[in-house]
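J.: What follows is a single structure, and I will ask about it in a moment.
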Amino acid sequence: MPRYTENVTDIRDFIRRLPKAELHLHLEGTILPSTLVELSRRHDDRPLTLPEAERLYEFTDFTGFIESFKAVTRLLTGPGDYELAAWRMIERLAAQGVVHAEVYISVGVIYMWRNHDPACFEPIFEGLERARERGQRELGVSIYWIFDAVRHFSVPEAERVFRKAAELRAEFPSIIGIGLGGDERHTGSAPFAALYAEARRAGLRLTNHAGETTGPEAIREALAIGSERIGHALSAIRDENLLQELKVRRTPLELNPTSNVRTGVCPSFAEHPLRSYFDRGLLVTLNSDDPAFFGSDLANEYHLAHTEQGFTRDELRKLASNSLRASFLADREKAAWLNQMETIV
Ligand SMILES: [Zn+2]
């Protein structure tokens with residue numbers, strides 16, 4: 001694969017100017033070590049230093065990543081912490097030219113760490129909403145929330161998360177959908193079929209992590225329960241019939257190449273199936289998943305697509321257009337951004 005030699009400053013500027021949507025981003029995964037130090041000062045008798053905070057982000061495989069993720073989210077305790085984390089996230093999105101993001105909140109984890117206290121979540125959500133409204137007002141970034149359950153906890157725990165999404169959605173239209181994260185190797189999608197059907201009836205959009213650490217059969221299972229977007233979909237490359245089905249259905253794929261490299265499920269960015277999916281005409285989107293943990297961000301993923309897989313400016317523009325098409329924005333909002341996209345050269 002030829003490596004592009006386009007001027008780095010020029011191409012980074014071009015990428016920043018593209019109006020982009022980020023569709024696979026975990027709030028907790030955006031917390032940088034510097035924000036973690038801020039949070040630690042609020043809560044710990046002996047606050048973390050920056051080098052100590054940075055060490056918490058070191059891991060070598062998927063299991064180690066989950067441990068790091070837990071250590072960081074431990075410091076998110078009250079509504080003000082969530083508000084700070086969300087605000088810092090939105091500032092970074094704006095700086096990259098992200099105009100819209102659909103952000104996972106690990107509601108299942110929030111409940112677990114608070115002994116399933118049914119009253120714990122609303123104040124936290126109000127903190128998130130304050131940050132969201134400020135981001136819209138001051139930075140022009142729109143945010144939708146996706147309530148994420150942990151698939152390997154239990155079906156009743158996921159039910160609690162999804163019902164909370166349905167209940168709050170009447171008051172907060174920023175809650176757009178639900179998702180399932182956690183360990184796919186332990187629990188697939190089939191046990192959640194009835195809950196997904198219920199969520200759909202409640203007007204929630206359905207996302208799902210599938211085929212990150214498991215084979216193509218996990219992606220089929222996710223489609224079978226009505227998942228509208230597939231997170232990762234890394235293993236689809238092993239199943240030609242599945243690829244054809246994803247193409248015909250126009251199923252958006254939320255790809256996260258650097259995430260897959262850092263958790264050890266893909267050998268390198270250059271070998272990620274992004275290029276192969278794109279060339280086949282699948283509706284692929286680029287995303288950063290947990291950027292603070294993986295040392296990347298969305299703009300950098302676009303840049304790596306350019307340097308590691310030879311994506312041209314036109315192709316990068318297509319990726320950005322895909323991200324808006326695959327979003328849950330209203331059609332007229334998508335059209336407005338897509339019109340603007342054509343003016344970026
Ligand atoms: Zn994810």
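The values are calculated or read from the model by the stated rules, or taken from the named source; none is laboratory data. Every value quoted in this text rests on a predicted model; they were computed, and no experiment measured them. Every residue, glycine among them, receives a Cβ derived from its backbone with ideal geometry; neighbour counts consider all protein chains shown.
J.: Looking at ALA320, ALA270, can you tell me which residue is part of a helix (DSSP H, G or I) and either β-branched (Val, Ile, Thr) or modelled with pLDDT of 95 or more (or both)?
T.: Values: ALA270 fails: part of a helix (DSSP H, G or I).
The conditions single out ALA320.
J.: Hey, among THR263, THR307, which residue is closer than 30 Å to THR60 by Cα and surrounded by 22 or more Cβ atoms within 10 Å (Cβ to Cβ)?
T.: Details: THR307 fails: surrounded by 22 or more Cβ atoms within 10 Å (Cβ to Cβ).
After applying the criteria, what remains is THR263.
J.: Let me ask something else. Check off (1) within 15 Å of the ligand (Cβ to nearest atom); (2) modelled with pLDDT of 95 or more for THR263 and give me the number that stays unchecked.
T.: (2)
J.: Quick one: is THR207 away from the ligand (no atom under 16 Å from the Cβ), modelled with pLDDT of 95 or more, β-branched (Val, Ile, Thr) and not in a helix (DSSP H, G or I)? Working first, answer last.
T.: Working: away from the ligand (no atom under 16 Å from the Cβ): no; modelled with pLDDT of 95 or more: yes; β-branched (Val, Ile, Thr): yes; not in a helix (DSSP H, G or I): yes.
No, not satisfied.
J.: On to the next question. Going by the structure shown, is HIS100 within 16 Å of the ligand (Cβ to nearest atom), under 17 Å from the mean Cα position of the chain (by Cα) and either of a type in the set (Gly, Ala, Ser) or surrounded by 20 or more Cβ atoms within 10 Å (Cβ to Cβ) (or both)? Steps first, please.
T.: On the way: within 16 Å of the ligand (Cβ to nearest atom): no; under 17 Å from the mean Cα position of the chain (by Cα): yes; either of a type in the set (Gly, Ala, Ser) or surrounded by 20 or more Cβ atoms within 10 Å (Cβ to Cβ) (or both): yes.
No; evaluated as a whole, the condition is false for this residue.
J.: Right, next: Give PRO33, PRO47, PRO51 a once-over and let me know the one that is surrounded by 14 or more Cβ atoms within 10 Å (Cβ to Cβ), away from the ligand (no atom under 16 Å from the Cβ), free of Cβ contacts under 8 Å to residues at least 24 places away in the same chain and more than 16 Å from GLN96 (Cβ to Cβ).
T.: Details: PRO33 fails: free of Cβ contacts under 8 Å to residues at least 24 places away in the same chain; PRO51 fails: surrounded by 14 or more Cβ atoms within 10 Å (Cβ to Cβ).
Testing whether each residue is surrounded by 14 or more Cβ atoms within 10 Å (Cβ to Cβ), away from the ligand (no atom under 16 Å from the Cβ), free of Cβ contacts under 8 Å to residues at least 24 places away in the same chain and more than 16 Å from GLN96 (Cβ to Cβ) leaves just PRO47.
J.: On to the next question. The conditions are (1) outside any loop (DSSP other than H, G, I, E, B); (2) away from the ligand (no atom under 16 Å from the Cβ); (3) out of contact with any helix residue (DSSP H, G or I) (no Cβ under 6 Å at 6 or more places or on another chain); (4) small (Gly, Ala, Ser), and GLY231 fails exactly one of them. Which is it?
T.: All conditions pass for GLY231, except number (2).
J.: Of all residues in region 216-227, which are touching a helix residue (DSSP H, G or I) at 6+ places or on another chain (Cβ under 6 Å) and either of a type in the set (A, V, I, L, M) or loosely packed, with under 15 Cβ neighbours inside 10 Å (or both)?
T.: At the first step, the residues of region 216-227 found to be touching a helix residue (DSSP H, G or I) at 6+ places or on another chain (Cβ under 6 Å) are 216, 219, 221, 225-226.
Result: ILE219, ILE225.
J.: Pick from region 238-259 the residues that are under 13 Å from the mean Cα position of the chain (by Cα) and not in a loop (DSSP other than H, G, I, E, B): which of them is farthest from ASN300 (Cα to Cα)?
T.: LEU253
The rows are residues; the columns are (1) surrounded by fewer than 24 Cβ atoms within 10 Å (Cβ to Cβ); (2) in contact (Cβ under 8 Å) with a residue 60 or more places away in the chain; (3) hydrophobic (A, V, I, L, M, F, W, C).
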position: TYR196; (1), (2), (3): yes, no, no
position: LEU206; (1), (2), (3): yes, no, yes
position: LYS247; (1), (2), (3): yes, no, no
position: SER268; (1), (2), (3): yes, no, no
position: GLU271; (1), (2), (3): yes, no, no
position: PHE278; (1), (2), (3): yes, no, yes
position: LEU286; (1), (2), (3): no, no, yes
position: ASN300; (1), (2), (3): yes, no, no
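J.: Looking at region 277-311, which of its residues are aliphatic (A, V, I, L, M) and either within 16 Å of the ligand (Cβ to nearest atom) or assigned to a loop (DSSP other than H, G, I, E, B) (or both)?
T.: Applying the first criterion (aliphatic (A, V, I, L, M)) to region 277-311 yields 282-284, 286, 292, 298-299, 304-305.
Across region 277-311, the qualifying residues are LEU282, LEU283, VAL284, LEU286, ALA292, LEU298.
J.: Another question, then. Look at ARG185 and say whether it is farther than 18 Å from ARG229 by Cβ, surrounded by fewer than 22 Cβ atoms within 10 Å (Cβ to Cβ) and away from the ligand (no atom under 16 Å from the Cβ). Walk me through it before giving the result.
T.: Numbers: farther than 18 Å from ARG229 by Cβ: yes; surrounded by fewer than 22 Cβ atoms within 10 Å (Cβ to Cβ): yes; away from the ligand (no atom under 16 Å from the Cβ): no.
Taking the combined requirement at face value, the residue does not satisfy it.
J.: In this structure, does LEU316 turn out to be crowded, with 20+ Cβ neighbours inside 10 Å and more than 16 Å from the ligand (Cβ to nearest atom)?
T.: Yes; evaluated as a whole, the condition is true for this residue.
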